[in-house]
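One structure is given here, and the rest of the page talks about it.
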Amino acid sequence: MKERADLRGRRILVIEDSPVVAPFTVDILDELGCEVVGPAPNMALAREMVEAGDFDAALVDVHIRGERAFPLCELLEAKGVPFVLTSGYADWSMPEKWDDRPRLQKPYTIDQVEEAVSALFD
């Protein structure tokens with residue numbers, strides 16, 4: 001098995017509106033040695049945090065308070081920041097442009113998060 005990238009000290013932005021999933025994700029990233037930025041629970045705060053930068057990668061929930069997060073994906077891509085898309089929905093319908101992006105289906109495990117985020121730094 002391929003060795004995973006070391007995540008210690010990596011700054012990861014969490015864009016997640018669920019009051020259950022957000023702290024769970026923060027705990028997982030903390031356990032993996034990451035520094036968590038956020039979580040951003042709505043599009044306005046998420047946009048501010050993306051524009052401010054100061055992170056190495058992001059976990060982006062596809063659905064934020066009834067809105068699709070693809071404008072945030074555009075901003076992240078423009079800044080050259082890698083990201084993983086997350087969703088609790090079975091339907092992953094999204095613009096074709098984002099089809100090749102790494103994804104995490106909720107509920108996810110620490111191993112799945114570690115694998116997905118580590119792959120961003122390979």
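Applying the set (1) within 17 Å of ILE12 (Cα to Cα); (2) charged (D, E, K, R); (3) touching a helix residue (DSSP H, G or I) at 6+ places or on another chain (Cβ under 7 Å) to LYS106 leaves exactly one unmet item: (1). Pairing each residue of region 54-82 that is over 28 Å from ASP6 (Cα atoms) with any residue that is part of a helix (DSSP H, G or I) and open to solvent by 10 Å² or more (accessible area, probe 1.4 Å), provided the two are 6+ apart or on different chains, yields C-beta distances under 8 Å for ILE64/MET43; ARG65/MET43; GLU67/MET43; PRO71/MET43; PRO71/ARG47. Evaluating GLU31 against the criteria (1) under 17 Å from ILE110 (Cβ atoms); (2) surrounded by 14 or more Cβ atoms within 10 Å (Cβ to Cβ) leaves one unmet condition, (2). What residue, among those in region 90-103 that are farther than 22 Å from ARG10 by Cα and in contact with a strand residue (DSSP E or B) (Cβ under 8 Å, 6 or more places away or on another chain), is least open to solvent (accessible area, probe 1.4 Å)? My answer is TRP98.
Within the set GLU48, GLU77, GLU16, the sole residue that is at pLDDT 95 or above and open to solvent by less than 40 Å² (accessible area, probe 1.4 Å) turns out to be GLU16. Taking THR109, is it open to solvent by 40 Å² or more (accessible area, probe 1.4 Å), of a type in the set (S, T, N, Q) and at pLDDT 95 or above? Answer is yes for this residue. When you look at GLU48, is it of a type outside the set (A, V, I, L, M, F, W, C) and in contact with a helix residue (DSSP H, G or I) (Cβ under 9 Å, 6 or more places away or on another chain), yes or no? For GLU48, the condition - of a type outside the set (A, V, I, L, M, F, W, C) and in contact with a helix residue (DSSP H, G or I) (Cβ under 9 Å, 6 or more places away or on another chain) - is not met. When SER87 is tested against (1) more than 20 Å from ALA116 (Cα to Cα); (2) open to solvent by less than 70 Å² (accessible area, probe 1.4 Å); (3) modelled with pLDDT under 95, exactly one condition is not met: (1).
The values are calculated or read from the model by the stated rules, or taken from the named source; none is laboratory data. Bear in mind the structure is a predicted one, so any value in this text is a computation, not a measurement. Note: ideal-geometry Cβ built from the backbone for every residue, glycine included; neighbour counts use all protein chains shown. Side chains are part of the model used for accessible areas, which takes the heavy atoms of the whole protein and leaves out ligands, DNA and RNA. Shrake-Rupley method; radii C 1.70, N 1.55, O 1.52, S 1.80 Å.
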